[in-house]
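Trainee: One structure is given below, represented as structure tokens, and several questions about it will come after.
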Amino acid sequence: MRPAHLEMLLEITRKMVGLLDVDPLLDLVVSYVRQTFDVDRCLVMLVDEGTGELVVRREHNLQGEGRSEAVGISRSVVADVLSGKGPVIVGDAQTDALTAQRTSIMDANIHSLVCLPLQIGNRVLGTLYLDNREKGTTFTTESTAFLQALANLAAVAIHNATLYSRSIRDALTGLCNHTHFEVELEREVARAQRAGRSVGLVVFDVDRFKAVNDQHGHAHGTQLLVELAGLVSRTLRTTDIPARKPRAPEDAVVGRYGGDEFEILLPETDAAGVASAGARLLEAVRWHLFLPSALNLRVTLSIGAAVFPLHGSGAQELFLRADEALYRAKEEGRNCFRMAGEGTGAAG
């Protein structure tokens, strides 16, 4: 392997160490492939843990073709790699016995390709796939050695990022779990203290959720919680919350406290912004039909909220004030929003 390739691998390793999210890891891999090789296409495909299906997570395509076509062309070779047969390296795909009879490759006029497993032990997480359509353009022994080393590094980093994601996620809903939510809240409050800004905390639960379980069964109750988690996340992404600094909507952190209790962290959001988000959430849930294929249920929420530093000087005090507001919402009829320190709020 060339010294330049070894230096690049060291550089990639240093950058990967600090990444605990799969998406920037994949961006990094594709970026270095583009810098190093003159290829028509580079695809990173990962096996979805939930469905077991292969998903194109990143694609660099000089031909400008759509992702669906790219997946169709690559699947015949990728299937071999996913089955554990090892890497596929083809210098001339038009004449090689492995690929010459594959219609998708012939139709795409692919002349050389490399498909490498992203593998941890015996488990294949996905593949790194590259191809060229220019005659005479092939992958050398040196280049494939570099790509294999890159694939090995990527597999370890993806595996570690996946484990980290599992550790901070609620297994049922995929939302942030309460332990990690507390860490995020502490961090955001500390940041707000330094910058002199506000932080909003919203807590809520499903009104009379026990009755849903009792009347329709725990399986349907569980499905309702999963559907609710998705609805809340979508509502926050599409909510134009006033009085917030210009940060991405994804900065809102949605977590599951436990059971039917949820929590939302709204960075750089004052009381007016928190109240607006709470009102939007009430409306979104109130008019949503849950489990449409089975029950067509409607449910409502009781919501409490508090704002740093208005209602508390630290994360724990903020939680306490928001929780008190939630119980006041329940005592005052449910299906409503209450802010800490207020006798009344935006009723539903």
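Coordinate-derived values only; no laboratory data. On a predicted model such as this, the values are computed, not experimentally measured, just so you know. Counting neighbours? That spans all protein chains shown, and the Cβs are built from the backbone with ideal geometry, glycine included.
Trainee: Under 12 Å from the Cα of Lys15, which aspartates and glutamates turn up, not counting those fewer than eight places away in the same chain?
Mentor: Excluding near neighbours in sequence, the set is Asp27.
Trainee: Taking the alpha-carbon centroid of each part, what is the distance from segment 124-186 to segment 189-231 in angstrom?
Mentor: 30 Å
Trainee: Compute the helix-to-body angle for 178-195: its Cα long axis versus the longest principal axis of the chain, expressed 0 to 90° and rounded to tens.
Mentor: Approximately 80 degrees, to the nearest ten.
Trainee: Rank by packing, highest mean first: peptides 197-203, 6-12, 39-45, with packing defined as the count of other Cβ atoms within 10 Å averaged across residues.
Mentor: On the way: 197-203: 25.7, 6-12: 13.9, 39-45: 23.1.
Descending packing order for the listed peptides: 197-203, 39-45, 6-12.
Trainee: Once you've got the GNM for the chain with C-alpha springs shorter than 10 Å, pick whichever of Asp323, Asp23, Asp205 has the biggest mean-square fluctuation.
Mentor: Looking only at Asp323, Asp23, Asp205, the largest GNM fluctuation is found for Asp23.
Trainee: Taking the Cα atoms only, what angle lies between the long axis of helix 67-80 and the longest principal axis of the chain, rounded to 10 degrees?
Mentor: Once rounded, the angle reads 60 degrees.
Trainee: Indicate, rounded to the nearest 5 percent, the antiparallel portion of the DSSP beta bridges found entirely in the chain.
Mentor: The antiparallel fraction comes to roughly 90 percent.
Trainee: Moving to a separate point now. Report, in deg cm²/dmol and to the nearest 500, the calculated mean residue ellipticity at 222 nm for the chain, where each DSSP H run with n ≥ 4 adds -39500 (n - 2.57) and the sum is divided by the residue count.
Mentor: Only helices count here, giving -15000 deg cm²/dmol.
Trainee: Towards the positive end of the charge dipole of segment 176-339, with charges on Cβ (+1 Lys, Arg; -1 Asp, Glu), say which of Asn335, Thr235, Leu224 has the farthest Cα.
Mentor: Thr235
Trainee: If the only charges are +1 at each Lys and Arg Cβ and -1 at each Asp and Glu Cβ, what is the size of the charge dipole of segment 3-166 around the Cα centre, to the nearest 20 debye?
Mentor: Taking the Cα centre of segment 3-166 as origin, the dipole is about 300 debye.
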